[in-house]
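Okay, so here's the structure we're looking at.
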Amino acid sequence: MRPSNTLQNAPRQPHDDHCHPAAGKPDFLLWGSLLTVAIGYVHYGWLGGEDVSIVWYQRFASSVFDLINTVWWGIAVGIIMIAILAKIPREFVISILGTNAGIKGVLRATAAGVLLDLCSHGILMVGAKLYERGASIGQVMAFLIASPWNSFSLTLILIALIGVSWTLVFILLSMLIAVIVGTLFDHLVSRKILPDNPQKIDLPEDFEFWLEAKNGWSKVNITFPYLIDMLMTGVKDSRMVLRWILFGVVLAGLVRAFVSPEQFGIYFGPTLAGLGLTVLVATLIEVCSEGSTPIAADLLTRANAPGNSFAFLMTGVSTDYTEIMVLKSTTKSWKIPLFLPLLTVPQVLCIAWLLNI
């Protein structure tokens, strides 16, 4: 049996997700960020920032130039990966989840979350659909926590910004938190503290991953027009990611322009006060996962605070008010979304403090 198209064809409920522009309206965030980055990059790259008496602008243009030169290859490879992933039916990833709660189901949900290449708000739509299809609360939470900045494209960006070692450390730690939180949620459900998911899994019982993959691959006809179409799809689908990466570059450039390395180290350094301020800022600033990546990189490289960098990425996932409201609407319960920061933030703070030591 062919995999169900439930996820792809299901109608989306109207929403005002600030992560995506409204249909039919200009994407001011994308084009505004792109224009700002282009002006700073071209001016500094071609003119060296000369003939500009505004000191902060010189610092801003220099920062934009350095950041773009650092992440361009990750963006390029990310676009290619998005193009490839766009050709893979989402059921193949979702089938990894399995049908049972418990540690095995949570582990599979965490793996599925890492594989999906979506932003922190785009992943909410998939998470909500997983709940509707019968995934346990623990699986949904593990999926949401593991997903946002562990996607392939953002992993490349992080590697370019902070190196392979720290990127792998952050990914493994976030997956650990996802597994722990998912297991705790399932335990709370079994203790009747949180409501169980009344939905049932509706994946085809005879769905065989490798057989479907083999059948799908046999039907692929790789031609030059096919590759061009893939590339165009990658560019189009990456707009959601690019708009927030460019916006994050603008934010990081402004921070570098107005806050000296010494001040940055004092405010957001590897201290308890710096960690607390980082968590506060991450909670108040509603920035998509792609936009938070350059800022998190600066916390590690400029403030020498790896724990704060990790906390900035993870706290944004755990305390995002859009995520809390979507979870409330999906589960019809306030307790479930409010338990997300309650169980996640203390772990993030403890790990961040240990990373800063």
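Values in this text are rule-based calculations from the coordinates and carry no lab data. All of these numbers come straight from a predicted model, not from anything done at the bench. Reconstructed Cβ throughout: ideal geometry from the backbone, glycine too, with neighbour counts over all protein chains shown.
Using the Karplus curve 6.51 cos²θ - 1.76 cosθ + 1.60 with θ = phi - 60°, what ³J(HN,Hα) values do you get for each residue of region 334-342, in whole Hz, with x for Gly and Pro?
7, 5, 4, x, 6, 6, 4, x, 4
Using 7 Å Cα-to-Cβ label points, what is the residue 164/residue 215 separation (nm, one decimal)?
3.9 nm
List the residues, sorted by chain then number, that are 5 or more residues from residue 197 or on another chain and whose placed amide H is less than 5 Å from its amide H.
Here the answer is 137, since their amide H atoms fall under 5 Å of that of residue 197.
Cβ neighbours within 10 Å, averaged per peptide: list 29-37, 213-221 in order, most packed at the top. Please list the in-between numbers first.
On the way: 29-37: 17.0, 213-221: 9.7.
Order by mean packing, descending: 29-37, 213-221.
So which of 25/236; 192/335; 104/335 end up more than 21 Å apart by C-alpha?
Numbers: 25/236 16 Å; 192/335 12 Å; 104/335 24 Å.
Beyond 21 Å between Cα atoms: 104/335.
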